[in-house]
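Please read the structure below before turning to the comments.
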Amino acid sequence: MQQLAYKAYGEVTSRTANNGQIEYALFDEITQALKSVDQDEMPSPAVWGDAIDRNLKLWQILATDLMSDANQLDPNLKRNLVALSESVRRISYNVLSRKAEIAELVEINEIIMQGLAGNVPSPASVAAE
């Protein structure tokens, strides 16, 4: 039964969204959860931990995909994204131990979402910041 569901989901997805749109939607959903927890003065530990865990899992899946030979991204971009996934892991553990803020994870995800949406800043505008 699950195979049929996955097959149907895959067929619908291939007709309605490309991989970038799916990745964007996942980043957006998880980033919104992180923001919600960050804005809540007293988030429940379960909700707080779940938001961070989901973000970690997203980045782990991304890193695994990036290391696959089937991934067609530029090798330099792949290396940079794998290194970024390692930074997300470290920051996440620091957030869990209250040594860093969730806002750092939100900022990273939002930058990735901009790239997925095609809104990549020019090198000159980044240097000006």
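Yes or no: region 14-36 includes at least one residue that is over 14 Å from the mean Cα position of the chain (by Cα) and modelled with pLDDT of 85 or more. Working first, answer last.
Of all residues in region 14-36, those over 14 Å from the mean Cα position of the chain (by Cα) come to 14-18, 36.
Applying the additional criterion that residues be modelled with pLDDT of 85 or more yields 36.
Yes, that holds for at least one residue.
Listed conditions (1) of a type in the set (Lys, Arg); (2) modelled with pLDDT of 95 or more; (3) closer than 20 Å to Gly115 by Cα are all met by Arg79, apart from (2). Of the helices (runs of 4 or more DSSP H) lying entirely inside region 22-129, the ones with 1 or more residues being surrounded by 15 or more Cβ atoms within 10 Å (Cβ to Cβ) and of a type outside the set (Ser, Thr, Tyr) are found at 45-66, 75-96, 102-116.
For region 96-108, the count of residues that are free of Cβ contacts under 8 Å to residues at least 60 places away in the same chain, of a type in the set (Ser, Thr, Tyr), out of contact with any Pro (no Cβ under 6 Å at 6 or more places or on another chain) and farther than 17 Å from Thr31 by Cα is at least one. Pairs meeting the criteria (first residue in region 39-58 and over 13 Å from Glu101 (Cβ atoms), second residue surrounded by 15 or more Cβ atoms within 10 Å (Cβ to Cβ) and not aliphatic (A, V, I, L, M), beta carbons under 6 Å, at least 6 apart or on different chains) are Leu56/Ser92.
For beta carbons closer than 8 Å, sequence separation of 6+ or different chains, a first residue in region 61-86 that is hydrophobic (A, V, I, L, M, F, W, C) and a second that is open to solvent by 80 Å² or more (accessible area, probe 1.4 Å), the qualifying pairs are Val82/Met67.
The values are calculated or read from the model by the stated rules, or taken from the named source; none is laboratory data. Just so it is clear, the structure is predicted and the values come from calculations on it, not from any experiment. Cβ coordinates were reconstructed from backbone atoms using ideal geometry, including for glycine residues, and neighbour counts include every protein chain displayed. Protein only, heavy atoms only, side chains kept; ligands, DNA and RNA dropped before computing areas. Shrake-Rupley method; radii C 1.70, N 1.55, O 1.52, S 1.80 Å.
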